[in-house]
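One structure is given below, encoded as structure tokens.
The values are calculated or read from the model by the stated rules, or taken from the named source; none is laboratory data. Owing to the predicted nature of the structure, the values given are computational and were not obtained by experimental measurement. Cβ sites come from the backbone with ideal geometry, for glycine too, and all protein chains shown count toward neighbours. Each accessible area value is taken on the protein alone, full model and side chains, heavy atoms only, with ligands, DNA and RNA left out. Shrake-Rupley method; radii C 1.70, N 1.55, O 1.52, S 1.80 Å.
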Amino acid sequence: LPALFKRELQNTEAEEGGTLTLRCELTKPKAPVEWRKGDTTLYPGLKYEMKQQGCTAELVIFDLELDDS
């Protein structure tokens, strides 16, 4: 069975230049997660950090810009 969201992402406000962590909870631990912005797949680097522990997946966005919304 595919993994489902137990708790979906929540709308969050943050300031430009800051850092933001988006978090979701899945029904299966260590299920493969692909973070996307529209049609674009996000990859780890200077701008993004992906973390996953158990059923929780996180996306950390650094140096926030208006385009990140």
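Overview of results
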item	result
Cβ-derived FRET efficiency at R0 30 Å, Thr27 paired with Leu66, nearest 0.05	0.35
Accessible area (Å², per residue) of the chain, counting only protein heavy atoms and a probe of 1.4 Å	79 Å²
Loop-resident sites, segment 5-69, for GluC sites (Glu not before Pro), counting at most 10 other Cβ within 10 Å (DSSP)	Glu8, Glu13, Glu15, Glu16, Glu34, Glu65
Contact order normalised by residue count of the chain, Cα under 8 Å, 6+ apart, percent	36 percent
Shape of segment 5-61, Cα gyration tensor, a/c cut at 1.5	prolate
Around Phe5: net Lys/Arg minus Asp/Glu count, Cβ-Cβ under 13 Å	+2
Sulfur and carbon atoms: percent of accessible area, segment 5-61 [1.4 Å]	46 percent
Reach of Lys47 by Cα under 16 Å, taken over lysines that are not fewer than 8 positions away in the same chain	Lys37
Selected from Leu46, Leu26, Leu59 as most flexible by GNM, with the chain as the system and alpha-carbon contacts under 10 Å	Leu46
Environment charge of Lys47, counting only residues whose C-beta is closer than 10 Å and scoring Lys/Arg +1, Asp/Glu -1	-4
